[in-house]
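Nothing in this text is a laboratory measurement; each read-out follows from the coordinates by a stated rule. Computed from a predicted structure; not experimentally measured. Cβ coordinates were reconstructed from backbone atoms using ideal geometry, including for glycine residues, and neighbour counts include every protein chain displayed.
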Amino acid sequence: MREKTVYTLGLIGSLILLYNLFTVFMVLPDEAMQGAIYRILFIHVPAAFAAWILYTVALVGSVMFLVKKDFAYDSMATSCIEVATMFTLVNLVTGSIWGRVMWGIWWAWDVRLTSQLICFLLYLGYLLLRPAVNEPTQRATMSAILSIFAFVDIPIVFMAIRWHDARTQHPAPVLETGGLAPEFKGPFWLGVLSFILISGAMVLVRLHQENTRREMDSVRREVHAL
Amino acid sequence: MNYGLSAAWSIAWKDLRTELRTKESLNAAVSFSLVVLVLFSFAFDLGREELRSIAGGLLWMVFLFASALIVNRGFSRELPNDCLDVLVASPVPGWSIFLGKAIAGFVLIMMVELISLPVFGIFYNIHWDGAFWMIVFVAAIATWGIAVVGSVFSAVTVNVRLRELMLPVILYPILIPLLLGAMQLTGALLNRESIFGDNNAWLRLLIAFDLIYTSLALFLIDFILVV
């Protein structure tokens, strides 16, 4: 059942992604101001959306672990954060490539770039901390605490650097400003959908690995105890 | 509540006395901050105007590095002879233990800052013009934030392999908003600006950071200490 879900999610997500890539590269015209590079939008923004959704799920998982002490929630949180951190990296790298073409620089210290980078660093710290703790309960609790602290920090960072440098170079969010031409909207949302499905499949795979690892761990402990 | 507060005070006082007798992390942190101050003076060959624009940043980098050394010891000091287990098993509530550790950390970091601030003034020819005590005031607000978050993660990483490495990796990114505010305010003070007018937002950021993380830490500390 679980494997079927993974395959179905992954397959549907990949098919939509392929179809969408075809549309984006072969059907859609170049954008008037940006030329061909605007196509990175269809990877860049969905990656961020997928990451943010997963970070939120991870926060819920972390709080639930602290409340219920059920390791399933810990596995959920860590799987989500792992996949989300990868998608954050995709978002940062694609954004950086776009910036090199459009602005002539790889990086600018403005609001969105900086807060996203710090988000990446915080969750990277989370992923580094986990293997350094041996005892499972301890590892899960610490991860949960760190995940909660990290999640609180990001809005603060965002606010803080907004005062520091209000002249943001990052384009205004396309959805709020209505800057997205009607023919781009379909591929944009398809892109978001495909990323969410694929990230869901990845989380499920990681979740399974985490659960198996925990089972093996407990068996090993039992054998040691005997 | 009163019992918890007096217990917190006892723990803070115990930590401070232990530290003032051995001076192990205090000596290390003070000498470390002096070394970094000297190194910065080689790294950046600064004119007066340039110095003004980056002095706030320089100073807070030094404070940040030094405070990581202090908070790192906060909970790991209790590891020998299983003191931490006894402390947790004692009838003192978890938040008191944490508060005591945070207060002790705060006092120790402030001591390091009060020593390195005049040295910074001497090495970099700073004319304080009455800004000194305002900088200490800003430092106190920011240092409380560092002590609180630092103590939480000192507790989190106390049993972790490579603790000395893991703590900064986690701590520094979380402290970024606090450092931004502290650097801005210190820079403003060194430029003879007020911290209340245009810079009010930064002050509010520091206070909000302190409040949010202090309450979050007091709320979550029981989960950290029982494991």
- Message: Averaging the inverse of every distinct alpha carbon separation and then flipping it gives the Kirkwood radius. What is it for the stretch A:1-118, in angstrom units?
- Response: 16.5
- When A:135, B:113 are ranked with the fewest other C-beta atoms within 10 Å first, the list becomes A:135, B:113
- Helix B:131-156: angle to the longest alpha-carbon principal axis of chain B, degrees 0 to 90, nearest 10? 30
- Message: Using the Cα centre of the stretch B:2-226 as origin and beta-carbon charges of +1 (Lys, Arg) and -1 (Asp, Glu), tell me which of B:8, B:105, B:206 is placed farthest towards the positive end of the dipole.
- Response: B:8
- If you add up the charges near residue A:141, with Lys and Arg at +1 and Asp and Glu at -1, over every other residue whose beta carbon is less than 15 angstrom from its beta carbon, what do you get? +1
- Task: Take each of the peptides B:194-207, B:155-168, A:138-151, average the number of other beta-carbon atoms within 10 Å over its residues, and list them starting from the highest.
- Result: A:138-151, B:155-168, B:194-207
- The answer for the per residue Cα convex hull volume of the stretch B:146-220, in Å³, is 80
- Taking only the alpha carbons of chain A, what extent do you get along each of the three principal axes, in Å, biggest first? 71, 44, 26
- Message: Give me the dipole magnitude in Debye, nearest 20, for the protein assembly as shown about the Cα centre, with unit charges on the beta carbon: positive for Lys and Arg, negative for Asp and Glu.
- Response: 500
- Note on the structure: Over all directions, the stretch B:1-61 yields a Cα convex hull whose mean projected area in nm² is 6.3
- Query: Helix A:136-164 versus the longest principal axis of chain A: what angle, 0 to 90°, nearest 10, using Cα atoms?
  - Reply: 20
- Task: Round to the nearest 10 and give me the degree value, 0 to 90, for the angle of helix A:182-225's Cα axis relative to the longest principal axis of chain A.
- Result: 20
- Note on the structure: One computes Rg over Rh for the protein assembly as shown from alpha-carbon atoms, with the Kirkwood Rh, and obtains 1.01
- Given charges at Cβ of Lys, Arg, Asp, Glu: the protein assembly as shown dipole, positive-most of A:225, B:158, B:55: A:225
- Query: When only Cα pairs under 8 Å and 6 or more residues apart are kept, what is the percent relative contact order across chain A?
  - Reply: 36
- Per the Kirkwood definition applied to all pairs of different Cα atoms, how many angstroms is the hydrodynamic radius of the stretch B:4-146? 16.4
- Message: If you average the alpha carbon positions of the stretch A:195-216 and of the stretch B:112-159, how far apart do those two centres end up, in angstrom?
- Response: 44
- Query: Mind listing P(r) for the stretch B:72-177? All alpha-carbon pairs, 10 Å bins, whole percents.
  - Reply: 13, 37, 30, 14, 5, 0
- Note on the structure: Looking only at aspartates and glutamates whose Cα falls under 12 Å of residue B:23's and that sit 8 or more positions away or on another chain, we get B:15
- Note on the structure: chain B: relative contact order from alpha carbon pairs under 8 Å, six or more residues apart, as a whole percent, is 28
- Query: Taking +1 at the Cβ of each Lys and Arg and -1 at the Cβ of each Asp and Glu, which of A:58, A:90, B:215 sits farthest along the dipole of the protein assembly as shown towards its positive end, judged by Cα position relative to the Cα centre?
  - Reply: A:58
- For residue A:191, what charge total do you get from the other residues with a beta carbon under 11 Å from its beta carbon, if Lys and Arg give +1 and Asp and Glu give -1? +2
